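Engineer: Take a look at the following structure, please.
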Amino acid sequence: MSAMELLLWARGPGLGIAVAIFLFGMTLRLFEIYSLGRKTDLAAPRSPTPGSGWRTVFSRSLPYQGTWHRSGLTVITGFVFHIGLFIVLLFLLPHIKLIHSLTGLSWPALPTSLVDLVTVLTLIALLVVLVHRLMDPVKRLLSGFGDYLAWAVTFLPLLTGYMAYHHLLLDYTLLLALHILSAELLLVVFPFTKLTHTFTLFIARWYNGDIAARKGVAS
Amino acid sequence: MADETLLEILKRRGISRRGFLKFCAATTSLLALPPSMAVAVADSLGRLKRPAVIWLSFQECTGCTESLTRAHSPSIESLIFDAISLDYHHTLQAASGHAAEEAREHSMKADWGKYLLIVDGSIPLKDGGAYSTIAGISNLQMLQEAAAGAAAIVAIGTCAAFGGLPHAQPNPTGAVAVSDIIKDKPIINVPGCPPVPAVMVGVLAHYLTFGSLPDLDDLGRPRAFYGESIHDRCYRRPFYDQGKFAKTFDDAGARDGWCLFELGCKGPTTHNACATTKWNGGTSWPVQSGHGCIGCSEPDFWDAGGFYKALSTPVDSVTGAAAAAVAVGAAAGVAIGIANRQRKAQARAEHQTVTIEDLEK
Amino acid sequence: MSSLKDIGVHVVHVGGNGNARAVLREVENLLQKLVEKGEESSIDLSGLPLSAEDYDLLEETLGEGEVVAEVHSLGPTRIHETGVPGVWWVTHYNDEDEVLAEFIEVAWCPEILLAPEDDVKDGLEALRARLFELKQESNHG
Amino acid sequence: MSASLEKGLNALREVMDAPIASFFSSCVHCGMCADACLFYTETGDAKYTPIYKLEPLRRVWQQEYTLTGRLSRMLGLSKPVSDADLRNWSELVYDSCTLCGRCSMVCPVGNDITYMVRKLREGMSAAGHAPEGVIGATKRTIELGSPMGVKLPALQAQIRGQEAETGLSIPIDVQGADYMALLSSMEIINFPEYLGALARIFHQAGVSWTLSSEAFEATNSGIQIGASDIAREIVGRIVTAAEKLQVKHVISPECGHAFTALRWEGPNLIGRPYPFKVVHILELLDELRTSGRLQTVGKEDAPLTFHDPCQIVRRGGVVRQPRALLGEVASDFREMSDPGVWNWCCGGGGGVSANERAEHLRLTAFKRKKSQLDELGVHTMVTACANCRIVLEEGLEHYNMNVKVVGLTELVAEHLVEQEAGK
C-alpha cells in the first residue's frame, strides 16, 4: 500500500469508520448516563436555582486562587494544552475545511504560522503532562492503561500534524495519511476512555452546580 | 556514424566547445547537480557513443511524446536526442507496419542487453491483454520481450509509471504499470500527465552521462525532480503560511495570488518539478495560471477524492455512516438504559432494610 | 470586447523568502576562497527559489561592473561583471531568448569567455591553412 | 450480624444514578482533588486522593452500568468487586473522609466527589465494613436515642441547670410553638451553655419555642455511616415529634452534619417534603438580628477568627450569617486563609470523630488547621458546630496550642442587652 493509497483510505473509508464509531460510542455513553436518572430532591432549595448548573459549567473552567497555588503545574499545563488543542483543532484552515465539509459550518482561520507555534507549545505542555503523570505519586496511582492511551491518541495527531507541516523524517503524503489516521484513532478511542470528559464534563458540572446551588452555595 | 561521439556529432553540426560547455552547464543545472560537476558532465557526454533506445507506447494518449517533442526550447533538449539512436517509436518513426516491427526486432537483437527501453502508457492485463495489441502482439508480451534485453527501463508518464488514467476506477482493461510486470530490471518512473519535458530530458541526460540510475525515491522517481513537493516550492506558499486562501477562482484572493488549498490544490501531496522548471519554456505552470495542482504525478490521482476538494476533507460523504452510527448508538443506548433500569429496579426489590444488627457481619 | 489586460489579475508579492541573503553570504565565502587560494567556483541560481524581491536585492547589492560580454553559441549567453570584481553574472539563453540556466561565477574570468585550448589549436590550423591559401593565391597572382 | 458483600453491592447498584455516571465518565485523573483534601496534604500519601477513595463504586458503575464494562465482565477481563476490596477501602471511605466537600469544589470537571463518598458508604455499611466506632454510635442512637447515649433524664438535668443559671424557663413539649429546637448530644453533655444561650436569646427576641421530650437529638449517625434506612428512622423521630407539636420551624443546632441530615437529606429519606421549615440556629439568629429583635451590647476586643463548619457553610450555604453575627459582637474579627466555602475541615466530621481507629490520622490532618492558626496568630476561634468544637479542642490540646474555642450562639448570648434578660 503506497502512501497515497493510505491517505485515500484515511480520507475515505477510514474517516467514515472512525466517525461512525465515535458517534455510536458517544450516543451510547450519553444514553447510559442519562438513563440512570436521578431522584427528585424533595428538600426545599434555599432559593430558586435556575441557571446555577450552567453557571458552574462555565465557572469550573477557571481555577480559583487556591488551585493555582496548590496544583499550579497541573493547572498551567492543563490550560496550555487544552487551549492549544482547541486553537489547532478549530482554527487551522485544513481543519476548518474538514469541519465545513462535514457540518456545513465555517469560520475564519488563524495564520498557519501562529497555529504552528501553538502546536509546539501544546506538544511541550503534553510532554510535561506525561512526565508529571509518571512522576507525581497521585497521578501515577490514578493512572492506568486508559490514561496513557488517551494521552497517546491526543499527542499523536499533534505530532504527526507538526511533522507533516514541517516535512520531518517522512514523506509529506505519508505523514498526512498518518496524521489523519491518528486523528481517526483518537475518534475511535474517544468514547471508551476518559476523553469522554470533553462532553460529559458539562453534565458533571451541571449536576454539581445544581446540587450545590440548592443548598445556596455557588460551586 | 554509429561510433561517433556526441562531441563529434555536435562539431559536425557547427557547435563549438563553448556551446557544448554551455549545454553541459544547462544540463548540470537541470539535473540539480552542483555547478562544479559541469566539467564531469562535459567529459562523459563528450565521449558518449550513441546508445540504442527503443520506445514502446501502450495504452496512452501520445501526450507524453507531444510534451517532449513540442518542448519550447528544442535546441538543448534535441541535443540529447541527437545523442541517442531512437530505433523504434510508433509516432516518430518513418517506418510502419512490418518494417517498423522488423526494425524493433533488429535493434533488440543487435543491442541485446545494452539498449534503453522507454515505455509510455499502461499495460492491460484483463481478458488476456486483448484491449491493446500492436501487430497482433499484446502489450504485455511486447513489454516482456523488450524488457528482457534492456539495460534499464524508463517509464514515461503516469500511465506507465503508476497505471494512470486507464488504471482509474473501475479499470475496465485491468491496466497496470510497468513496474507491476517487470521486476528484474532497473526502472525509472518519470510520472506526470504529461511529465515536464525538461524532466524527461534530464533523466535521459543523467542516464546517458553517468550510465547509471539517478537517485530514486520509494516510488522509483528521480529525487532530483520529484524530491520536493509542489507545495514546498510553490511561490504561493507564503500565503498558505499566513492563512490567506482563495475561496473561489474569481475572488479577490484568487486575483491576488493567494493559496489555492481550499480550492482543492494537491500541491502538498504531489511531488514534481513544475514549480521550479515550469511549462512551455518557463512561461507558467498550473498554480501560476490560477488552478490548483491536480496531483498528476502521483499514483491514483484520478481517484484521489476530486480535484476541487481540499486535501483535508473527506473523499466520500460520511453523513450516511454518521446518521446510522447515531441511530445504532441510540438503539444500543436505549437497550443498555432499559437493562440498567431493570438492574436498578431489581436492586431496589432485593433491598433488605438495614437495621443496626445488619451493620456487622 | 475586453482585452486580457482588463482582467484584474495582479499578483501580490509577499516579500522575499530570504534566499538572496544566503546567496550573498555564499558569494562572500567563494570570493574569499578565490582571493586566498585562487579557487574558482559558481552558484546555480535556478537551483534556488528566488522571488522578484530576491533578484532585486541581489542585483542592487552586487551592482554593475566594467565588463559586458556576449557569447553566441546555441543561443546567446550574456555575461557581465558585477560591481564586485571577480563576481560575474552569467545567463544562458536559447535561441528564443528564454533563460536556460543562470549562474553567479566567482572567477578571474568566466570559463565560457576563455578560448578553449582545442579550439585555439583548431584555429591555429585553420589560420595556417588560410595563410597557405593566401600564399598560393599571391604566387599565382 | 447479617451484613454481606452481596448486600453491599446491591446497595451500590441501588444508589447509582446519572450524576454518578457523569462524574465517573468525566474524571481525567488529574489528581487536583488530592490537593484539596487535608488527609492528602497533611500526609502526602497518594491513597488519600479523594477520587481514589471511590474505586469500588466506580468499578460497580463500570462493570454493571456500561456496555463496555458489561462486555469485559462477561469476557472475564475485569474482576468484580470483592469483599476484600471493600475491606481494604474502609479506611479510605471512613477514616480519611469527613464529607467536607472541598474536593467537590475544586474538581475541574465538576465531580461532586463527596456526593459519591456518601453513596459509597451505603454499600460499605451494608457489607459490614463500617468502622466499629461509627457502628457503636449508630447503635446508641437507635437504641438509646443519641450517639453518646444521652437519655431524656440527662437532658432534663441539664435543663434544670441552665434554668437555674439563666433564670429563665426552658419550654418542653409546647404544642403549636413557632420553633422546635434540637440539640446535639455533645451540646447536652459538653456545652450545655448552648441551651442557656438559646433560652436567653429567644426570651429577648420573643421567640415562641419548645424542646421535644421525644426528639431532642439532632445528630444522625445513619448519615455518617451511610445507612439510609437507619438515617430515615432517626430523622423520622424528629419529623414525628415536630408534626405532633405542630411547630412551624425546626431549629438545627450548632452541629454540622445534623443540619445536613435534617435540612437536605431528611425529606429525601422520608420520601416527602416537610410540613415545617428547617433553619440552622445561625440563620435564625441572623434573621432576628436583621429584624432588630436581637439586641447586643459591647464587643469582644481580643482578635478572633471563625472556623467554618463544612456542613453548615460549604455544604449548607450558611456563609454570610456567621460573619454578620460576629460583626455585632466582635471588634477585631480576622478571616483565616481560605475562608467561607473554601475552609479546611477540622478533620473530625462525617463520623471521623466517632471512629477511634482514625484518631491518629485525624490528629495528623489537624496540622492543616494548626498551620492556618499559626499563620493568623489569633488566640480565639469561634465556630458553630459542636463536633468541630470537640475536634478542634482535642487537636489544640494535642499540639499544645494556646487557642480558645467558642460557640457562636453562646458568644452572641453573652452580649445580649442585659435589662431584657431581667424582665
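Engineer: Using a basic spin-label model with each label point 7 Å from the Cα along Cα→Cβ, how many nm lie between C:LEU113 and D:ALA154?
Structural biologist: 11.7 nm
Engineer: In addition: Inverting the mean 1/r over all pairs of different Cα atoms, compute the Kirkwood radius of chain A and quote it in Å.
Structural biologist: Evaluated on chain A, it is 19.7 Å.
Engineer: Right, something else. Ignore the peptide's own chain and count Cβ atoms of other chains within 10 Å of each Cβ in A:101-112; give me the average, rounded.
Structural biologist: The mean count of partner-chain Cβ atoms within 10 Å per residue comes to 3.
Engineer: Using the reciprocal of the averaged 1/r over all distinct C-alpha pairs, how large is the Kirkwood radius of the stretch D:335-400 in Å?
Structural biologist: About 12.2 Å for the stretch D:335-400.
Engineer: Once R0 is set to 41 Å, what does the formula 1/(1 + (r/R0)^6) return for the Cβ-Cβ distance between C:GLN136 and B:ARG12, expressed as a FRET efficiency to the nearest 0.05?
Structural biologist: E between C:GLN136 and B:ARG12, to the nearest 0.05, is 0.90.
Engineer: Separate question: Taking Cα pairs under 8 Å and at least six residues apart, what relative contact order does chain A come out at, in percent? Mind showing how you got there, number by number?
Structural biologist: On the way: 204 pairs, mean separation 83.3, N = 219.
Computed value for chain A: 38 percent relative contact order.
Engineer: For C:ARG21, B:ARG17, what's the fewest-to-most ordering of other Cβ within 10 Å of each Cβ?
Structural biologist: Fewest-to-most Cβ neighbours within 10 Å comes out as C:ARG21, B:ARG17.
Engineer: What number, in percent, do you get for the relative contact order of the stretch B:6-226 if the mean sequence gap of Cα pairs under 8 Å and at least 6 apart is divided by its residue count?
Structural biologist: 21 percent
Engineer: In what sequence do A:HIS166, A:HIS132 fall when counting other Cβ within 10 Å, fewest first? Let's see the in-between values first.
Structural biologist: Values: A:HIS166 12, A:HIS132 17.
With the fewest neighbours first, A:HIS166, A:HIS132 line up as A:HIS166, A:HIS132.
Engineer: Can you give the angle from 0 to 90° between the axis of helix B:38-47 and the longest principal axis of chain B, with both taken from C-alpha atoms, to the nearest 10?
Structural biologist: 50 degrees
Engineer: Also, quick follow-up: Rounding to the nearest 10 and keeping the result within 0 to 90°, find how far the Cα-based axis of helix B:74-83 lies from the longest principal axis of chain B.
Structural biologist: Value to nearest ten degrees: 70.
Engineer: Round to the nearest 10 and give me the degree value, 0 to 90, for the angle of helix D:281-290's Cα axis relative to the longest principal axis of chain D.
Structural biologist: Taking the Cα atoms of chain D, the angle to D:281-290 is about 50 degrees.
Engineer: Whole number please: convex hull volume per residue of the Cα set in the stretch D:144-290, in Å³?
Structural biologist: Residue-normalised Cα hull volume stands at 97 Å³.
Engineer: For chain A, return all DSSP H helices satisfying: extent of Cα atoms along own axis at least 24 Å; mean Kyte-Doolittle hydropathy at least 0.5.
Structural biologist: A:15-35, A:72-91, A:112-135, A:145-166, A:172-189
Engineer: Take the alpha-carbon centre of the stretch D:11-31, take the same for the stretch D:183-237, and report the distance between them in whole Å.
Structural biologist: Spelled out, the Cα-based centre of one part sits 34 Å from the other.
Engineer: If Rh is defined by the Kirkwood formula over all Cα pairs and Rg also comes from Cα, what ratio Rg/Rh do you get for the stretch D:153-210?
Structural biologist: Checking Rg against Rh, the ratio lands at 0.93.
Engineer: Specify, per residue and in Å³, the volume enclosed by the convex hull of the alpha carbon atoms belonging to chain D.
Structural biologist: Dividing the Cα hull volume of chain D by its residue count gives 134 Å³.
Engineer: Now a separate question. Using R₀ = 51 Å, calculate the FRET efficiency as 1/(1 + (r/R₀)^6) where r is the Cβ-Cβ separation of B:ASP232 and A:ARG38; round to 0.05.
Structural biologist: After rounding to 0.05, the efficiency reads 0.35.
Engineer: Same structure again: What ranking do A:VAL75, D:VAL28 get, fewest neighbouring Cβ atoms within 10 angstrom at the top?
Structural biologist: With the fewest neighbours first, A:VAL75, D:VAL28 line up as A:VAL75, D:VAL28.
Engineer: Now, a different point. Treating only the Cβ atoms of Lys and Arg (+1) and Asp and Glu (-1) as charged, compute the dipole magnitude of chain B about its Cα centre; round to the nearest 20 debye.
Structural biologist: 820 debye
Engineer: Could you run the Debye sum over the Cα atoms of the stretch B:113-177, one equal point scatterer each and no solvent, and tell me log10 of I(q)/I(0) at q = 0.23, 0.26, 0.27 Å⁻¹, two decimals?
Structural biologist: -0.95, -1.11, -1.15
Engineer: Would you mind calculating the gained length between B:SER44 and B:ASP303 on full extension (0.36 nm times residue separation, minus the Cα-Cα distance), in nm to one decimal?
Structural biologist: 89.0 nm
Engineer: Of all the C-alpha pairs in chain B, what % are more than 24 Å from each other?
Structural biologist: In whole percent, the share of Cα-Cα pairs in chain B beyond 24 Å is 65.
Engineer: Can you tell me the convex hull volume per residue for the protein assembly as shown, based on C-alpha atoms, in Å³ to the nearest whole number?
Structural biologist: So the per-residue Cα hull volume is 255 Å³.
Engineer: Cross-link candidates for C:LYS37: which lysines have Cα within less than 29 Å, leaving aside residues fewer than 8 places away along the same chain?
Structural biologist: B:LYS22
Engineer: Now, a different point. List the GluC sites (Glu not before Pro) in the stretch C:27-123 that DSSP assigns to loop (not H, G, I, E or B) and whose Cβ has at most 16 other Cβ atoms within 10 Å. Which are they?
Structural biologist: Of the GluC sites (Glu not before Pro), the ones in loops of the stretch C:27-123 whose Cβ has at most 16 other Cβ atoms within 10 Å are C:GLU39, C:GLU96, C:GLU98.
Engineer: Also, quick follow-up: Taking R0 as 35 Å, what's the FRET efficiency between A:SER61 and B:GLN242 from their Cβ-Cβ distance, rounded to 0.05? Spell out each step's value before the answer.
Structural biologist: Details: r = 31 Å, r/R0 = 0.88.
Efficiency for this residue pair is about 0.70.
Engineer: Shifting gears a bit: So for the pair D:ARG323, A:ALA218, with labels modelled 7 Å out along Cα→Cβ, what separation do we get in nm?
Structural biologist: 1.2 nm
Engineer: How large is the helix-only mean residue ellipticity at 222 nm for the protein assembly as shown, computed as the sum of -39500 (n - 2.57) over DSSP H runs with n ≥ 4, divided by its residue count, in deg cm²/dmol to the nearest 500?
Structural biologist: Helix-only estimate at 222 nm: -15500 deg cm²/dmol.
Engineer: How long, wide and thick is the stretch D:1-139, going by the Cα atoms along their three principal axes, in whole angstroms, largest first?
Structural biologist: Projected onto its principal axes, the Cα set of the stretch D:1-139 covers 40, 38, 24 Å.
Engineer: Here's another thing I want to ask about it. Using a simple spin-label model with points 7 Å from Cα along the Cα→Cβ vector, what separation in nm is obtained for D:LEU75 and D:LEU144?
Structural biologist: Once both label points are built, they end up 5.6 nm from each other.
Engineer: To continue, here is another question. Suppose a student asked you for the relative contact order of the stretch D:70-147, using Cα pairs under 8 Å spaced at least 6 residues apart; what percent would you report?
Structural biologist: 24 percent
Engineer: Oh, and also: List the equivalent ellipsoid semi-axes of the stretch D:296-342 in whole Å, largest first, each obtained as the square root of 5λ for an eigenvalue λ of the Cα gyration tensor.
Structural biologist: Square roots of five times the eigenvalues give 21, 12, 6 Å.
Engineer: Let me ask you something else. What does the stretch D:304-419 give for Rg and for Dmax, in Å, if only its C-alpha atoms count?
Structural biologist: My reading of the Cα-based Rg and Dmax gives 14.0, 49 Å.
Quick note: the coordinates plus some simple rules give every number you see, no bench work behind them. Not measured: the values here are computed from a predicted model. All Cβ positions, even for glycine, are placed from backbone atoms using ideal geometry, and neighbour counts span all protein chains on display.
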